[in-house]
């Protein structure tokens, strides 16, 4: 049975552990929310609501204010929100994942303010873990690892405290003699140390298994990361304005590394989808795709010649400029490969690729999302002089597909004819339209608040500003109105170069639309009527972002995309490094063998001449080695000896040491104290009355010194120990 004193001593301990567990549970929720918020997938209202709830909850914990809404109110709020969930799914968010995240955040907020039982706290911890799971779906960024590590740390500490609370409630604790409060002890620090050690072991063992176990690249759920803008912006039907919505984000989309380029000397377009049909509001393309072939014995897919350019017909006269590049894509929810024009070959861990008549390449391998691939492109361009010599006899399929226009404002055709009327060649007409749009219109990402009946006429004659999609669409329409085949191409253009990793960094804000015009004998040529923007490569202090990008690129390459190929590379590198190290050591030994041999002979000769000095030196070295080897034991013995000689310096520790010596003396005489026995229970089990009386007196003084911090009683322990040892030896 537990005495009243024991219960009163255990009460503050239980309250302290409860308070610590509340703080750790708060840390779990905060870490889960930070992990989820770091993905950029939360709207501002959700961020504000959750941040406010965490701030209020933290204030209540700091002030130790109890807060718990009634169970009836919790039930009513839950029922009301389930009705809102349907509206959120069908009207507000219009997506299962964002609506489910809103539901999870709401459940976390309600549960934070309705904690009554351990079951409620475990439920809150599970909801926090669900936020981490949602973050894992929404992002593959390296910052997720840091947030996840913080979550693991707080989760381990929380469940350690839960177990301590459970033990406090089910076991009879011998705490009557302790009057120390946990707030003044090292208990919180000890929990943090244990939790940190467990977290490090978890992460280390997981990393080891991750590196060793075989894996294969596969599709993952990261397609949700950027919502639906990417999938719609690079599909076979693109509404005017969708590229502008993509440009609102600065998230990294892909890294491109061009072989042999360490300075960022290229300014390339990364071509996605080419669109040929325009209905006045949206661009689209025919759904005609065919499977790419993979030559026998090669690992890449060969792309056919561009539409309208048959073998041997190209007249550019320029020497091919082939580049080989490697692309690391983020999961943006599209199956399009972004390639530099003109692509010749694509390779990667894909089984089924297709292309269309406009040379766009698509991934139809259900087991492998677009992630890592390599490609070869010919970036040579014919000179303006060559293009001015191009004929005007367009193939019939080109005229039929790329000269069609919807009913439109007559002013558009009149403007195109006025701008190009004095130009002698088709190339000069295209260049004139490009220069006109660049010089007379402004670039802006402010999207129109209402949809115009004729967006192109509204852009050209009323608004006179827009983003790249309006510039490209206006030029393509005006080119067609003067008889030049044209199409709009969606993709990316970026000049941001990370000289640390030799990678071009392409972001969502670099999404771009431009124009391709057709010239017989030379194929499709690029024109960009959008006004040029300033260089975006970080300079000065902003170069810190390059280091973060390098870290993220490494994470994406060696963690997210880690597969058997990476394992093979790591194994080969490790084998080569080991072989190189062995060869270096072998060569060093062989080259130094003679000098080592001479040194050994000199040492042997000196030892023969003065053996006493060598023996003394060897003895001193051995002594130093033994001292260093047992330094911890020696220092502990010295500290204990000083503490036993001067018990007033630390009565608690001195009492512990003297009690241990007393128990050892009794054990040598045949009276052993079991670990399960308290000091008073041990006294009751001693048979000999005289010895029992001495041990009882020693125990009383020990408890006063140990738990009462009495220096006077601590000084009495050596004398009482001598009495017990003498009695035990005589017995």
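Assorted remarks:
- Of all residues making up region 365-387, the number that are assigned to a loop (DSSP other than H, G, I, E, B) and over 20 Å from residue 342 (Cα atoms): 6
- Taken as a whole, region 430-448 holds at least one residue that is surrounded by fewer than 15 Cβ atoms within 10 Å (Cβ to Cβ), more than 23 Å from residue 281 (Cα to Cα) and out of contact with any strand residue (DSSP E or B) (no Cβ under 8 Å at 6 or more places or on another chain).
- Whenever a residue of region 452-466 is free of Cβ contacts under 8 Å to residues at least 24 places away in the same chain, its partners that are part of a loop (DSSP other than H, G, I, E, B) and crowded, with 18+ Cβ neighbours inside 10 Å, lying with C-beta atoms within less than 8 angstrom and at least six residues away or across chains, give the pairs 459/441.
- Filtering 416, 430, 439, 457 for residues that are out of contact with any helix residue (DSSP H, G or I) (no Cβ under 9 Å at 6 or more places or on another chain), in the same structural domain as residue 353 (by TED's automatic domain parsing) and outside any loop (DSSP other than H, G, I, E, B) leaves a single hit, 439.
- Residue list for region 665-687, restricted to those being in contact with a helix residue (DSSP H, G or I) (Cβ under 6 Å, 6 or more places away or on another chain), outside any loop (DSSP other than H, G, I, E, B) and free of Cβ contacts under 8 Å to residues at least 24 places away in the same chain: 683
This table checks each residue for (1) crowded, with 17+ Cβ neighbours inside 10 Å; (2) in the same structural domain as residue 378 (by TED's automatic domain parsing); (3) at pLDDT below 70.
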{"position": "206", "(1), (2), (3)": "no, no, yes"}
{"position": "241", "(1), (2), (3)": "yes, yes, no"}
{"position": "252", "(1), (2), (3)": "yes, yes, no"}
{"position": "308", "(1), (2), (3)": "yes, yes, yes"}
{"position": "318", "(1), (2), (3)": "no, yes, yes"}
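- Total residues in region 712-731, condition loosely packed, with under 15 Cβ neighbours inside 10 Å, assigned to a helix (DSSP H, G or I) and either in contact (Cβ under 8 Å) with a residue 40 or more places away in the chain or touching a strand residue (DSSP E or B) at 6+ places or on another chain (Cβ under 7 Å) (or both): 2
- Test: residue in region 272-286 that is in contact with a helix residue (DSSP H, G or I) (Cβ under 9 Å, 6 or more places away or on another chain) and modelled with pLDDT under 85: yes
- Of all the criteria given as (1) touching a helix residue (DSSP H, G or I) at 6+ places or on another chain (Cβ under 6 Å); (2) free of Cβ contacts under 8 Å to residues at least 12 places away in the same chain, the one not satisfied by residue 60 is (1).
- Out of 492, 471, sole residue that is in contact (Cβ under 8 Å) with a residue 12 or more places away in the chain, touching a helix residue (DSSP H, G or I) at 6+ places or on another chain (Cβ under 8 Å), under 28 Å from residue 265 (Cα atoms) and part of a strand (DSSP E or B): 492
Residues are listed down the side, and each one gets a yes or a no for (1) modelled with pLDDT under 65; (2) more than 30 Å from residue 101 (Cβ to Cβ); (3) not assigned by TED's automatic domain parsing to the domain that holds residue 72:
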| site | (1), (2), (3) |
| --- | --- |
| 114 | no, no, no |
| 122 | no, no, no |
| 147 | no, no, no |
| 162 | no, no, no |
| 165 | no, yes, no |
| 172 | yes, yes, no |
| 178 | yes, yes, no |
| 185 | yes, yes, no |
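The values are calculated or read from the model by the stated rules, or taken from the named source; none is laboratory data. Everything numeric in this text was worked out from a predicted model, so none of it was measured. Neighbour counts are summed over all protein chains in view; Cβ atoms, including those assigned to glycine, are modelled from backbone coordinates with ideal geometry.
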